[in-house]
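The values are calculated or read from the model by the stated rules, or taken from the named source; none is laboratory data. Source: prediction; values computed, not measured. Reconstructed Cβ throughout: ideal geometry from the backbone, glycine too, with neighbour counts over all protein chains shown. Note: accessible area is taken over every heavy atom of the protein model, side chains too, but ligands, DNA and RNA are not part of it. Shrake-Rupley method; radii C 1.70, N 1.55, O 1.52, S 1.80 Å.
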Amino acid sequence: MPVEIYLNVAASGLLTGLVYGLMALGLSVIFGVVRVVNFAHGEMMTLAMFLTLVLFNALKLDPLVLMVPVAAVMFVLGYLMQAGLINPFINRPEHSQFMLLVAIALVLVNVQLIVFGPDAQGIRTRYSFDSFKLGPLVTDASKVYAAGAALVVAAALFAFFRFTLLGKAIRACADNYDGARVVGLNVKRLYALTFGIGSACVGAAGAMLMVVSDVTPAIGPANTLLAFVIVITGGLGSMPGALLGGLLIGLTEALGGVLFTPSAKSMFAFALLVLVLLFRPQGILGRRET
Amino acid sequence: MIARLLEGVPRRGLAALGALLLLLLVFPAFASGYLLSVGFLILHFAFVGQAWNIMMGFAGQLSLGHSLYVGLGAYAAAALYVHFGISPWIGLGASVGVAMIAGAVLGFLAFRFGVAGVYFAILTIAFAEFARIGFDHFSWVQGSSGFFLPVANYTTNDLWNLRGSPKMFYYLMLAMSVAAFVACHALLRSRMGYYWQAIRESPEAAQALGVNVFRYKMAAVVISAAMTSLAGVVFAFYYNNLFPEQIFHISRSIELILGPIIGGIGTLVGPLVGALLLTGLAEGMREAMLQLGVEVPGVKQVFYGICLLLVVMFLPHGVWPPLARHLGLERGAGRREER
Amino acid sequence: MSARLEVSAISKSFRGLRAVQGASFEVPAGSIVGLIGPNGAGKTTCFNMIAGVFPPDAGEVHLEGRRIDGWRPDQVCAAGVGRTFQIVKPFSGLTVLENVTVGALLRSNDVSSAQKRADEILEKLGLGPKRDLLASALTLPDRKRLEVARALATQPRLLLLDEVMAGLRPTECDQMVAVFRELNRAEGITILLIEHVMRAVMALAQRIVVLHHGEVIAQGTPEEVVRDPAVLESYLGEETEI
């Protein structure tokens, strides 16, 4: 096979990886602050994708525009989930929280199955078949747009945490739960906001993914796992790590798919996970805990 | 030996267990074919739940990928039978061996490199998913198109080759469940059982008391994997077909841990009670829906999800501990009672 | 070898922060030694290095002449060192007896003889009547006792006690002091204790080592140490317990 094919596949993998990275960023933000692992992450992602689909069919708007209302809805959902279900579990043992989210995931994925059916559904935009040419590189326009949107959202998120008062308050909560309470922060509300923000990331990522791929309820659990693999690879609690992990996993899967068979591509992501756990358990950009 | 096993078990608990065993023994005489299959399913989940409980309930290591061991066990014995005509009773050696190796590799990776808690759970899922995709492309066992055993002749029971009636499988599963119950009871009161529980409660404190935490965690994973793979062997010969998409799927892993969670993690009776409740209710609901003429896939799983949600929210220790207290089986037959 | 424990020039930093720096001291066999110093002086870090929780960055730890630094905690325990944790770590879901049995199993051939040993130790520490309670149901002083009982069950020749008197009432404190004296006298257990309760340290320790900012600034008999100008200075600046 000529080199150009590998280059093209790599580029496409990197672009998809950015969208994965945004999804994983949501997981990382939630974990970094609330210290709860959102086992329903992929299921929320498919929910966002279905939401985009429904809105698209009703309004005929571009999914990248629909991203805004979808993210808003997911924000509200995430906020309510944290405030209603997860906050009472904050001081429960880790496995107990995990089980709660497993239950939520189980309900979410199967409600989607009942409502939307098991078949794959997609969206066709007016740029679905466009492509960009850059020297030997040919890439799908939809992937470029989706990746661009992912970068914009990620940049906005970084800015939010760095420059706004609310973002700083949330980071304070993540650093020191008791300290944050002592200085009078309403930690539970901040937790709910954080879960909302993480969910909004997932919502935005879901809308973007709708541009480049189809949705079935069955990809929910697979996406949850993918998000975890990305976050662990990149480094837990590290926001740039999540994006980097997304890029790496996107690249690994794309190259694995073309070198072997596309249906086995996830095996390469797992292989990467195992390698990371072996040689750098804290993740590529993670800090080792003492 | 038997006297030592019985030592410390409250008499009422023993009587209740005896009555339950008797009920399970005579159950096939009255049950229809359908009820018998539900009975088999309950015992199957009770057995696998017991095996999972060794890891989570005793040693505190959350595995969400136990379908890996079920699948490996099922495929190993089935492949040896189909390809070489080897009896499952011999083939199960391979099943247990493969599952133990998989468990050991997983445990080594996780415990050597400090992958604990939820990350450990993720790693177990990743292993199961890895196997699922791997078996999809494993042509020796027909990959994703499914691996089939020659369908059993229901008129004679060939126990040696596990070809026979549902009744035979029911009794086999019952014998395995009883054996698992007794084995777990013995394990829990052994040195290993004490060390596991210590590790579950506080690994640092256990290690400061001279417990080789790594070794005992490994033992928990390997023993649990071996036991779980046995259930896989029976599963393969009972259903006669294996699909990687099903047997290794994460929903299977979750299904098999619901019993012990709902029944009561770390108790001996919990997995059985949980399997009874959950499978009983789910099958009852399915029947009811069939009567009403509605058939929607996913409803059972939503039901499972809601059950799990309610239990973790309102009965964090499961159904059994409060039930045992109510029945006067304080800290019941599930937990050791010293003195 | 007359020194049961010999700590030579151990150092430890966490992310560039020096917790312990070149600390050296000895614990003679059969003695009771107190390790004191203001908060953050590096006492618990020293303990953790001796007990094998993490290896020192530099320096050596010898137990009865054998080098043990870098060993895992369970290996150090098997070599004859029992320890307690400053923040108690009971096995909450197990009974008091089961907690101590875990420790006793280290040097027992079977569970029933371990239980018997555990029972004896519980009696000695006055926890006998509470043997069947869940550890989570104990009060803080009882949890501290349980911590000691578990460590004792491993039959250590050196016992590391990390603030086991903190939070005890004076009478309870005196009881504990009596228990440790008795253990030291009758069973020859060597004890190294971190303690803020000076009344207990003064009553128990034959020698005292003072840590300040990760360095040993004085060591000697209790009388010598309290008169040491360096000790007075470091304590007067931060705490006035002496």
Accessible-area loss of at least 40 Å² (1.4 Å probe, chain alone to full protein assembly) applies in the stretch B:125-145 to B:A126, B:F130, B:I133, B:H137
As a test of reading the structure, rank A:K168, A:K265, A:K60 by solvent-accessible area (1.4 Å probe, protein chains only), most first. A:K60, A:K168, A:K265
Output field shielding_mean for A:263-269 (other chain Cβ, 10 Å radius) holds 4
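Is the stretch A:1-137 best put as rounded, prolate or oblate by its Cα gyration tensor, with a ≥ b ≥ c the root eigenvalues, rounded for a/c under 1.5, and otherwise prolate when a/b is larger than b/c, oblate when not?
prolate
Within chain A, what whole-number % of the accessible surface is contributed by carbon and sulfur, with the 1.4 Å probe and all protein chains included in the calculation?
Carbon with sulfur: 66 percent of the solvent-accessible area.
Please report the net charge: other residues with Cβ closer than 14 Å to the Cβ of A:L185, K and R +1, D and E -1.
Details: positive: A:K168, A:R171, A:R181, A:K188, A:R189; negative: A:D175, A:D178.
Net charge in that neighbourhood comes out at +3.
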Within the stretch A:193-234, whose backbone N sits under 16 Å from a point 7 Å along Cα→Cβ of A:F160? A:193-208
Determine how large the accessible area of A:D214 is when every protein chain is in place; take a 1.4 Å probe and give Å² rounded to the nearest 10. 90
For chain B, what % of the accessible area comes from carbon and sulfur atoms, probe 1.4 Å? 68
Got a sec? Charge dipole of the stretch C:128-177, +1 on Cβ for Lys and Arg, -1 for Asp and Glu; which of C:V164, C:L138, C:M176 is way out at the positive end? C:L138
Label points 7 Å out from Cα along the Cβ direction at A:T261 and A:R126: separation in nm? 4.1
Given a 1.4 Å probe, show me the residues in the stretch B:296-312 buried by at least 30 Å² of accessible surface when comparing the whole protein assembly to the chain alone. B:P297, B:Q301, B:V302, B:G305, B:L308, B:L309, B:V312
Take the stretch B:200-313, drop everything but the C-alpha atoms, weight them equally and run the Debye formula without solvent; then report log10 I(q)/I(0) at 0.14, 0.18, 0.22 Å⁻¹ to two decimals. -0.79, -1.14, -1.35
Given unit charges at Cβ for Lys, Arg (+) and Asp, Glu (-), the dipole magnitude of the stretch B:2-326 about its Cα centre in debye, nearest 20, is 760
Report, in whole Å, the centroid distance computed from the Cα atoms of the stretch A:167-199 and the stretch B:48-117. 41
Whole-Å distance, taken between Cα centres, linking the stretch A:65-123 and the stretch B:131-205: 33
Calculate log10 I(q)/I(0) of chain A for q = 0.06 Å⁻¹, where I(q) comes from the Debye formula with a single equal point scatterer on each Cα and nothing for solvent. -0.18
I'd like the accessible area for A:T164: 1.4 Å probe, protein heavy atoms, all chains in place, Å² to the nearest 10. 50
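Ignoring ligands, DNA and RNA, how do A:V9, A:V37 rank by accessible area with a 1.4 Å probe, largest first?
A:V9, A:V37
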Quick one: grab the alpha carbon gyration tensor of the stretch A:202-290, order the square roots of its eigenvalues as a ≥ b ≥ c, and give me rounded if a/c is under 1.5, else prolate or oblate depending on whether a/b is larger than b/c. oblate
Summing -39500 (n - 2.57) over every DSSP H run of at least 4 in chain B, dividing by its residue total and rounding to the nearest 500, the 222 nm mean residue ellipticity is -23500 deg cm²/dmol
Given a 1.4 Å probe, show me the residues in the stretch C:100-114 buried by at least 30 Å² of accessible surface when comparing the whole protein assembly to the chain alone. C:V102, C:L105, C:L106, C:V111
With label points built 7 Å along Cα→Cβ from the Cα atoms of B:L327 and C:N39, find their separation and express it in nm. 5.1
So how do B:259-266, C:35-42 stack up, highest first, on mean other-Cβ count within 10 Å? B:259-266, C:35-42
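Hey, what number do you get for chain C at 222 nm if only DSSP H runs of n ≥ 4 count, each worth -39500 (n - 2.57), divided across all residues, to the nearest 500?
-11500 deg cm²/dmol
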Give the accessible surface of the protein assembly as shown per residue, rounded to a whole number of Å², with probe radius 1.4 Å and ligands, DNA and RNA excluded. 40
7 Å from Cα along Cα→Cβ at both A:V76 and A:L278: what's the point-to-point distance in nm? 4.9
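If the chain between C:L17 and C:R181 were fully stretched, how many nm would it gain, using 0.36 nm times the residue separation less the Cα-Cα distance?
55.4 nm
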Can you pull the Rg over Rh of the protein assembly as shown, Cα-only, Kirkwood? 1.01
From most to least accessible, 1.4 Å probe, no ligand or DNA/RNA atoms counted, B:T155, C:T154 line up as B:T155, C:T154
For the stretch B:2-326, compute Rg over Rh where Rg is the Cα radius of gyration and Rh is the Kirkwood radius from the inverse mean 1/r over Cα pairs. 0.96
To the nearest 0.05, the calculated FRET efficiency linking A:R35 and B:T155 through their beta-carbon distance, R0 being 60 Å, is 0.50
Report the rotationally averaged projected area of chain C based on its alpha-carbon convex hull, in square nanometres. 12.9
Can you give me the three principal axis dimensions of the stretch A:134-290 from its C-alpha atoms, in Å, biggest first? 55, 36, 35
May I ask you to derive the FRET efficiency for A:N91 and A:Y6 from their Cβ-Cβ distance with R0 = 51 Å, giving the value to the nearest 0.05? 0.50
For a test of the definition: using alpha carbon positions, the gyration tensor, and the 1.5 limit on a/c, classify the stretch C:79-205 as rounded, prolate or oblate. oblate
Would you kindly find the accessible area of C:I194, with a 1.4 Å probe and non-protein molecules such as ligands, DNA and RNA excluded, rounding to the nearest 10 Å²? 0
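Taking each residue of C:89-97 in turn, how many C-beta atoms of other protein chains fall within 10 Å of its C-beta, and what is the average? Each step should come with its number before you reach the end.
On the way: counts 7, 3, 10, 2, 7, 7, 5, 0, 2.
Mean partner-chain Cβ count within 10 Å for C:89-97: 5.
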Could you report the buried accessible area between C and B, both sides summed, computed with a 1.4 Å probe and given in Å² to the nearest 100? 2200
Listed here are the pairs C:K89/C:K130; A:K60/B:K300; A:K143/A:K168; which of them are more than 25 Å apart at the Cα? A:K60/B:K300; A:K143/A:K168
FRET efficiency (B:S32, B:Q246; Cβ distance; R0 30 Å; to 0.05) is 0.70
The protein assembly as shown, dipole about Cα centre (Lys/Arg Cβ +1, Asp/Glu Cβ -1), debye to the nearest 20: 560
Partner chain Cβ atoms within 10 Å, averaged over the residues of B:250-256 - can you pull that number for me? 3
Over all Cα pairs of the stretch C:84-155, the Kirkwood radius sets Rh, and Rg/Rh then becomes 0.93
Kindly work out what percent of the DSSP beta bridges joining two residues of the protein assembly as shown are antiparallel, to the nearest 5. 65
